[in-house]
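First comes the structure, then the notes that go with it.
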Amino acid sequence: MATEKQDRELEMDLVALLAKSFPGMTVEARHSKRWDRMCLTFRWAGFTGLLPEERFQRLVAVISESFRKERLSGCVWLELAQDETIDQFLRMPRSEDIADREQAIFGDLQDRGFFDTLREAMNPTPTKACKGDFSRTAGALSKGRSAHKVTQDAKLLFIRHGAYCDCQVLAEVEPALSKLSVGAV
Ligand SMILES: [Zn+2]
């Protein structure tokens, strides 16, 4: 059973670890009655506009696997934007929510010419043009009806296929989904 002192130490160690990549982030380590286990709350203004899985991915890119195994195992993680409540966070969509709509979302993106637009925007070298996020995906889908919903579905689809940034969409998700849709015909 972790002591109060150990919890405060863990908070300080995490803040020190994350401060450079997430300026101004606060971390709280508390036992949660809701989940009956230790709960880590990462609060950062920069999480605004990012889906829960994008936020988590940003954190695990900085917190090493050994640190996670030794000191964070069994913890619930909450990645909250400024002034966001836990319930608001839990209501946000996860990639598993679109599991039965994958082909429809992919087909819609193809119809919109999305992948060509993205490729053009990232020419000639997508890995160099990539900012490590979905900003160009969002840009390519920013116009037209239901732009917010279309963008969100696209991001959930890409995350479901292991991509967390624009260059991975072109390198991995598009080829994988193209193969699947050919197979489905
Ligand atoms: Zn990338």
*asked:* Just to confirm, what accessible area per residue do you get for the stretch 4-91 at 1.4 Å probe, in whole Å²?
replied: 58 Å²
*Per DSSP H run of n ≥ 4, the term is -39500 (n - 2.57); total these for the chain, divide by its residue number, and report the mean residue ellipticity at 222 nm rounded to 500 deg cm²/dmol.*
-13500 deg cm²/dmol
_Ignoring ligands, DNA and RNA, please state the percent of accessible area on the stretch 4-91 from carbon and sulfur, probe 1.4 Å._
51 percent
*Table column - 3J(HN,Hα) (Hz), the stretch 166-174, Karplus curve with 6.51, -1.76, 1.60, x for Gly and Pro*: 4, 5, 5, 4, 6, 6, 10, 6, 4
*GNM on the chain, C-alpha springs below 10 Å: top fluctuator among V60, V27, V169?*
V60
_Probe 1.4 Å, protein heavy atoms only - accessible area per residue of the stretch 97-184 in square angstrom_ = 54 Å²
*Within the stretch 98-164, trypsin sites (Lys or Arg not before Pro) in DSSP loop having at most 15 other beta-carbon neighbours inside 10 Å*: K131, K143, R145
*In whole Å, largest first, what are the principal axis extents of the Cα atoms in the chain?*
57, 33, 30
*asked:* Taking C-beta distances below 4.7 angstrom as the pairing criterion, name the unpartnered cysteines of the chain, in sequence order.
replied: C39, C75, C165
_the stretch 4-91 - Rg and Dmax from Cα coordinates, angstrom_ = 12.3, 34
_How large a share of the accessible area of the stretch 97-184, in percent, is made up of carbon and sulfur atoms when the probe is 1.4 Å and the other protein chains stay in place?_
50 percent
*Return the long-range amide H neighbours of M38 (sequence gap of 5 or more, or a different chain), with a cut-off of under 5 Å between placed amide H atoms.*
S32, V76
*Can you pick out the pairs among K143/K179; K5/K33; K20/K131; K33/K155; K155/K179 whose Cα atoms lie more than 23 Å from each other?*
K143/K179; K33/K155
*Could you list the chymotrypsin sites (Phe, Trp or Tyr not before Pro) in the stretch 1-82 that lie in coil according to DSSP, counting only those with at most 15 other Cβ atoms within 10 Å of their Cβ?*
W35
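The values are calculated or read from the model by the stated rules, or taken from the named source; none is laboratory data. The shown structure was predicted, so the numbers you read here are calculated from the model rather than taken from an experiment. Here Cβ is always computed from backbone atoms with ideal geometry, including for glycine, and neighbour counts include all displayed protein chains. Calculation scope for accessible area: heavy atoms of the full protein, side chains included, ligands and nucleic acids excluded. Shrake-Rupley method; radii C 1.70, N 1.55, O 1.52, S 1.80 Å.
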